[in-house]
Amino acid sequence: MRIVVMEFMSLDGVVQAPGGPDEDTDGGFAHGGWSHPFFDPEVMGGAYAHALTETAALLFGAARGSRWPRRGPTEPATRSPTGMNAIPKYVVSETLGDDELTWDNTTRIPGHEAVARIRQLHDTDGGDLLVMGSPRSCAPSCARAWSTSSGS
C-alpha cells in the first residue's frame, strides 16, 4: 500500500485546513482559513476525487479523526464524511478512546503502535493509504514507517 500525504501547505511550510479563521488555532495561529480564498472547487474537487479513487484506507491524527465526521452536508461529496464512510479509516491517538471514534469503519491506532501498524498497512497490497491533514501526528509516523520498510 502506497502512503500518500495530501496537505494544504504554504510555501513557507504552514500546514492549515481551509475551513476558516477558528480552525487549527494551535500555538496561537491567527490566520486560519488563509487558503480558502484560493480554493478552486473544480481543480481541488477533481484532485480529491482522483485521490479517493486510488484510496484503500485513510489515516488521521486525533484532531482530524474526531472532527471530520462532524462536517456538514454542504461539503463536496469527495470531502464529506458520507463520501468516505465506506473507506476504512485509521486514527492515530493516545488521547482518544475507541468509543470516541464514531465515524463508520474507523479503527484507533494507539500512538505508541503507530510506526509498526502503519508499516503493516504499507506492506499490504492494494490502493493508497491517504493522509489528509494531520501533519503533526500522522505524517511523521508515516515517514518513519515508510523509511524503515521496503522504501516504496
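The values are calculated or read from the model by the stated rules, or taken from the named source; none is laboratory data. Everything quoted here is computed from the prediction, not taken from an experiment. For neighbour counting, all protein chains shown are included, and Cβ atoms are generated from backbone atoms with ideal geometry for every residue, glycine included. SASA here: full protein model, heavy atoms, side chains in, ligands and nucleic acids out. Shrake-Rupley method; radii C 1.70, N 1.55, O 1.52, S 1.80 Å.
Descriptive notes on the structure:
- Within the stretch 1-62, the GluC sites (Glu not before Pro) that combine a DSSP coil assignment with at most 16 other C-beta atoms in a 10 angstrom radius are 7, 23, 54.
- Residue ranking by accessible heavy-atom surface, 1.4 Å probe, largest first, among 131, 43 comes out as 43, 131.
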